[in-house]
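Here the structure is laid out as structure tokens; the discussion comes afterwards.
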Amino acid sequence: MSDRDYKDQEDIFSKVVRAGRRTYFFDVRSTKADDYYLTITESKKFTNDDGSFHFKKHKIYLYKEDFAEFESTLAEMTQYIIKEKGDTVISERHQADYNPADHNTEAVATESTETAQSFTDI
């Protein structure tokens, strides 16, 4: 393997984000033309019935010509999710003590109003 071939495979700059069973790897790599691109790898840990585990990986290759649109769309989509659902995680798979009633403030407010209206002032 030549130095050139090795350079095509080495990471120039890397960051890791650990998120529960998932790990995200952000790696800057070099092309044969000595330009840079980004790979984003999601690695998710799965446990087998016998207690052993394995990882499933998904990889995205992102090139400079796509950075602006990718960044803009990612920001738009994340802002939409936060605006519509807030930043609290409300998934039973992510929280063992999740109770939908605790996160449905509209239903709680309606219930409180109905309860208050069922009483008569004396």
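The values are calculated or read from the model by the stated rules, or taken from the named source; none is laboratory data. Computed from a prediction, not measured in an experiment: that's the story for all the values here. All Cβ positions, glycine included, derive from the backbone under ideal geometry; neighbour counts span all protein chains shown. Protein only, heavy atoms only, side chains kept; ligands, DNA and RNA dropped before computing areas. Shrake-Rupley method; radii C 1.70, N 1.55, O 1.52, S 1.80 Å.
Give the lysines whose C-alpha is closer than 25 Å to that of LYS85, dropping any in the same chain fewer than 8 places away, or say none. Once the sequence-local lysines are set aside, what remains near LYS85 is LYS44.
The string of couplings for segment 73-84 from the Karplus curve (6.51, -1.76, 1.60, θ = phi - 60°) is 5, 4, 4, 4, 5, 5, 5, 4, 4, 5, 5, 7 Hz, one whole number per residue in order, with x for Gly and Pro.
Ligands, DNA and RNA left out, the accessible area of segment 20-71 computed with a 1.4 Å probe is 53% carbon and sulfur. Listed peptides 23-36, 65-78, 46-59 appear in the order 23-36, 65-78, 46-59 once ranked by packing, highest mean of other Cβ atoms within 10 Å at the front.
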